[in-house]
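The values are calculated or read from the model by the stated rules, or taken from the named source; none is laboratory data. Fair warning: this is a prediction, and the values are worked out from it, not measured in the lab. Positions of Cβ are generated from backbone atoms using ideal geometry, with glycine treated the same way; all protein chains shown enter the neighbour counts. These accessible areas exclude ligands, DNA and RNA; they are computed on the full protein's heavy atoms, side chains included. Shrake-Rupley method; radii C 1.70, N 1.55, O 1.52, S 1.80 Å.
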Amino acid sequence: MLGRQLIDGQWRSEGTLIPTVNPSDLDEIVGQYPQASLADAQEALAVARAQLPSWSRTNIQKRADILRKTGDLLLARANDVGTLLAREEGKTLAEGIGETVRAAQVFHYFAGEVLRHPGQWHDSLRDGHNVIVSYEPVGVVAAITPWNFPIAIPAWKTAAALAYGNTVILKPSEFAPGCAVQLAEMLVEAGLPAGVFNLLLGNGRVIGQTLVEEADAVTFTGATPTGRHILQMAAPAMTKVQLELGGKNPFIVLDDADLDVAVEAAAQGTWGQTGQRCTGSERIIVTKGIHDAFVERLIKAVDAFRVGHALDSSTQIGPVANLAQLEKNLGFIERARASGAEVAVGGHLVEARTRGHFLAPTLFLDTDNRMELNREEIFGPVAGIIKVEDFDEAIAVAGDCELALSSGIATTSLRNAERYRRESTAGMVTVNAPTAGVEYHVPFGGRAPSGFGGREQGSASAEFFTEIKTTYINHGVL
Ligand code: NAD
């Protein structure tokens, strides 16, 4: 595909084009995309600012209709978008279509939020006075997104921002921008006025500072170091910042766990979507009584995963999304081996019918929480088992990591589940379910340094995408 930027309703593809390569088939170029210049960024910022007054005052039924129509178009084109996603990012076709359907649901949800978003009315402490609390758009929103959910994350930032009356500049990942281009086409087709949504492409490092300094708000999803840098750039201008960052998510298996449920949740939560989910489990913490039985079953489950071309119907685990990520994963595997961890399954590249970044799902045994494997986010199909004495030690090990995004437990005891819910420091807790797989109608996010600046999704999104105004009214003279 020929990638295009969208600025003020004009499609642009001039300048040097940078290709994306199919990670399932390195001989296939998927798209060619321009790189946004500083001038592009400044123009997009100016038109987004110019459109803010009219979009924020656009009739709410019209705003809702545009969002709903965008959702309808995403649903109607879920096969096309999902296929492009699978070719450019490497998710299986089923995962790619599923993610596109989720993006459609997000647009439908926020179409409803346009009409639902309430203000407040209070009695005043002063006789004859009232207080109105209203929510206003935060302004021009820059949305910067990663490669691992190339349609869902652009959708959930864009839909929320537009619903609450903001104008948007979306900068998707340079590794998988194709779905964002398609989303931009659908927003235009749905009737969004020119300049309300603008799309800039390429590496965020080129235009990041300009966006962060001149937008009113930046919603960013990506790696923790990039997020920290954005926060530093935002400080002088006091740009409002929301950061959704990395995870090193623990999944605890207690002696009283249901073995089937525990194995399924660990396998799906860790290796699903090639382990490239910020909420994926990367540390599997198992109490000693169930350890051997659980490990035996988990090894079988991991070994049975079929790795291959993302578009092959038999594939369960697609390729690693890009070369840099594959090299990073292999580095972690090599260093874990060198530090004494035992590879129970995987740890090697896989041959398929095409040349691609195929990595076998990898499980290490005999790891401990001091190893790099269990401290740094890998973001690939690689995890280690940590054997612990009891629940107390499991909780201590799970909490002994500064990244606090998601966190899971397998147990049949309500008491244990409730204790873990209370004591976990993660932003999200799952009980007898994978640590990944969040829904769009409830808050999503983690505590620093996994997240910063308010949750996304559900009605919690309003906190970031709106500003509060408190108005005192003396009725005596009205
Ligand atoms: P990344 O930080 O390398 O890139 C993310 C985006 O930031 C890209 O669009 C990139 O172009 C842009 N960028 C890079 N430098 C920039 C700068 N200086 N200024 C402005 N923009 C800049 O992340 P990635 O490799 O694309 O994604 C993987 C990471 O994303 C993982 O750490 C993962 O955990 C995280 N992630 C988090 C969540 C979450 O919701 N918490 C969800 C998905 C992914």
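Restricting attention to segment 328-346, report how many residues are closer than 21 Å to GLU296 by Cβ, of a type outside the set (A, V, I, L, M) and surrounded by fewer than 20 Cβ atoms within 10 Å (Cβ to Cβ).
The number of residues fulfilling the criteria is 1.
If we scan segment 98-108, do we find a residue that is free of Cβ contacts under 8 Å to residues at least 60 places away in the same chain, acidic (Asp, Glu) and not in a helix (DSSP H, G or I)?
no
Rundown of residues vs (1) basic (Lys, Arg); (2) open to solvent by 40 Å² or more (accessible area, probe 1.4 Å); (3) assigned by TED's automatic domain parsing to the domain that holds PHE149; (4) touching a Pro at 6+ places or on another chain (Cβ under 7 Å), yes/no style:
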site	(1), (2), (3), (4)
LEU73	no, no, yes, no
ALA76	no, yes, yes, no
GLY82	no, no, yes, no
ALA86	no, no, yes, no
LEU93	no, yes, yes, no
PHE110	no, no, yes, no
ARG116	yes, yes, yes, no
GLN120	no, yes, yes, no
SER124	no, no, yes, no
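Return yes or no: is THR287 farther than 24 Å from GLY451 by Cβ and among the polar types (S, T, N, Q)?
Spelling it out, THR287 is indeed farther than 24 Å from GLY451 by Cβ and among the polar types (S, T, N, Q).
Quick check: anything in segment 171-192 more than 10 Å from the ligand (Cβ to nearest atom), among the charged types (D, E, K, R), over 18 Å from LYS69 (Cβ atoms) and in contact (Cβ under 8 Å) with a residue 60 or more places away in the chain?
No, that holds for no residue.
Could you look through segment 355-390, keep only residues that are among the aromatic types (Phe, Trp, Tyr) and closer than 20 Å to LEU298 by Cα, and pick out the one that is most open to solvent (accessible area, probe 1.4 Å)?
PHE379
Kindly list the number of the only condition in (1) assigned to a helix (DSSP H, G or I); (2) away from the ligand (no atom under 16 Å from the Cβ); (3) open to solvent by less than 30 Å² (accessible area, probe 1.4 Å) that fails for VAL133.
(1)
Kindly list the number of the only condition in (1) closer than 25 Å to ALA324 by Cα; (2) open to solvent by less than 10 Å² (accessible area, probe 1.4 Å); (3) of a type in the set (Ser, Thr, Tyr) that fails for THR224.
Evaluating THR224 over (1) closer than 25 Å to ALA324 by Cα; (2) open to solvent by less than 10 Å² (accessible area, probe 1.4 Å); (3) of a type in the set (Ser, Thr, Tyr) leaves (2) as the failure.
What tally of residues in segment 205-221 results from selecting those that are surrounded by fewer than 24 Cβ atoms within 10 Å (Cβ to Cβ) and either among the polar types (S, T, N, Q) or farther than 15 Å from THR167 by Cα (or both)?
6
Could you tell me which numbered condition GLU244 fails, if it satisfies all but one of (1) within 10 Å of the ligand (Cβ to nearest atom); (2) closer than 16 Å to LEU363 by Cβ?
All conditions pass for GLU244, except number (2).
Out of segment 43-63, which residues are under 22 Å from VAL181 (Cα atoms) and without any contact (Cβ under 8 Å) to a residue 60 or more places away in the chain?
GLU43, ALA46
Would you call VAL320 closer than 30 Å to ASP256 by Cα, among the β-branched types (Val, Ile, Thr) and either in a helix (DSSP H, G or I) or within 16 Å of the ligand (Cβ to nearest atom) (or both)?
No; evaluated as a whole, the condition is false for this residue.
With (1) part of a helix (DSSP H, G or I); (2) surrounded by 24 or more Cβ atoms within 10 Å (Cβ to Cβ) as the list, and PRO150 as the residue in question, which single condition is left unmet?
Single failed check for PRO150: (1).
Are there any pairs with C-beta distances below 8 angstrom linking a residue in segment 197-218 that is near the ligand (Cβ under 9 Å from one of its atoms) to a residue that is part of a loop (DSSP other than H, G, I, E, B) and of a type in the set (Val, Ile, Thr), with the two at least 6 apart or on different chains, and if so which?
If the second residue must be part of a loop (DSSP other than H, G, I, E, B) and of a type in the set (Val, Ile, Thr), the pairs left are VAL212/THR239; VAL218/THR239.
Among the residues that make up segment 155-163, is at least one of them open to solvent by 40 Å² or more (accessible area, probe 1.4 Å), more than 19 Å from ILE7 (Cβ to Cβ), out of contact with any Lys or Arg (no Cβ under 6 Å at 6 or more places or on another chain) and assigned by TED's automatic domain parsing to the domain that holds VAL47?
The answer is no; no qualifying residue exists.
Against the definition (more than 10 Å from the ligand (Cβ to nearest atom) and in contact (Cβ under 8 Å) with a residue 24 or more places away in the chain), how does GLN276 come out, yes or no?
no
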